[in-house]
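Beneath this line is the structure, given in structure tokens, with notes to follow.
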Amino acid sequence: MSLKKKINLKQLPKHIAIIMDGNGRWAQKQGRDRTFGHQSGVNAVREAAESAAELGIEYLTLYAFSTENWSRPKSEVDALMSLLVNTIEKETPTLNKNNICLNAIGDIESLPEESRNQLLKTIENTSENDRMTLNLALSYSARWELTEAVKLIVNKVNNGILNIDQIDQELINDHLNTAGMPDPELLIRTSGEYRISNFLLWQIAYAEFYFTDTLWPDFTREDLYKAILNYQCRERRFGKTSEQLLNV
Ligand code: FPP
């Protein structure tokens, strides 16, 4: 039986987050420069987005550029930014064909003007699509996001819009970039690294982690199916005991 057919469609994660890692090593293994790895990573992005949407995943969040990535060599940052602009522009018809809405989380203001404008244009042009939200984390880090949320909340308290007693987990959720989205139930990281790298630290409180040695450009739809099947074998207890879960 194909892996896709083994997936229980009634127990799909609503939200999958992916740390796409290994583009540089993939390219270097072939004696090519790192940019070639990022370019090849775009095919894996397309395949992951299409296959997730086909299955019925509602949100797919991809870590495309972290706050820390700004300290890479300028030539690599420039290449990544122009790849993002070109890809986002080129892929708009495919996003529309697949009924996928593009969204971005992160410090979008810090992106070069051209990248930011293209991103905002595609977000606008795909905003009516409702099969899946493809969330690109760009110039994103969880500590940045949490710091911004704290500033927003403190500002509201200082201006008398909020009372301190009203601060609870739901209110914090509402001030994150992911406001209105369910938390990811499954977090995938490629390339054999076992780190979270400042990604969605608040939102992954109860996520199941799936690590694979596959380098991002080699990540196919079959790898996504494998990760989902693995997730479906996990017992998600949320702090309860196995016995308690059986009695629900
Ligand atoms: C990590 O690999 C990958 C990135 C920092 C960039 C991810 C970007 C893409 C997949 C291409 C464009 C994406 C979109 C959404 C259009 P790495 O460079 O850290 O690899 P390494 O660990 O092997 O050095």
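Readers should treat all values here as calculations from the given coordinates under stated rules, not as data from a laboratory. Treat the numbers as computed from the prediction; the structure is a model and nothing was measured. Positions of Cβ are backbone-derived with ideal geometry, glycine not excepted, and every protein chain shown enters the neighbour counts.
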(request) Show the residues, 5+ positions off or on another chain, whose built amide H is closer than 5 Å to the amide H of TRP202. (result) none
(request) Mind jotting down the distance between the C-alpha centroids of the stretch 1-49 and the stretch 99-151, whole Å? (result) 20
(message) Using 26 Å as the Cα-Cα cut-off, could you pick out the over-long pairs in LYS29/LYS97; LYS29/LYS74; LYS10/LYS121; LYS97/LYS121?
(response) LYS29/LYS97; LYS10/LYS121
(request) Treat each spin label as a single point 7 Å out from the Cα along the C-beta direction, and report the GLU47 to SER110 distance in nm. (result) 3.1
(request) Please identify which residues in the stretch 142-162 have an amide N closer than 11 Å to a label point set 7 Å out from the Cα of LEU120, following the Cα→Cβ vector. (result) none
(request) Obtain the nm distance between the two label points defined at GLU54 and SER82 by a simple spin-label model: each point lies 7 Å from its Cα along the Cα-to-C-beta direction. (result) 3.3
(message) Per 0.36 nm of contour for each residue apart, how much would the distance between GLU68 and GLU235 grow if the chain were fully extended, relative to their Cα-Cα spacing?
(response) 56.7 nm
(request) Using just the helices of the chain, give the 222 nm mean residue ellipticity in deg cm²/dmol: DSSP H runs with n ≥ 4 each add -39,500 (n - 2.57), and the total is spread over all residues, rounded to 500. (result) -14000 deg cm²/dmol
(request) Enumerate the helices in the chain for which the Kyte-Doolittle hydropathy averages -1.0 or more and the C-alpha atoms extend at least 20 Å along the helix's axis, using complete DSSP H runs. (result) 34-55, 74-97, 142-158
(message) To check you understand DSSP bridge types, tell me what percent of the beta bridges within the chain (both residues inside) are antiparallel, rounded to 5.
(response) 0
(message) Give me Rg/Rg_expected for the chain, where Rg uses Cα atoms only and Rg_expected = 2.2 N^0.38 Å with N residues.
(response) 1.05
(message) Please list, ordered by chain and number, the residues whose modelled amide H lies under 5 Å from the amide H of LEU102; skip anything fewer than 5 residues away on the same chain.
(response) THR126, LEU134
(message) Need one number: nm distance between label points at SER75 and ASN96, each 7 Å from Cα along Cα→Cβ, rounded to one decimal.
(response) 3.8
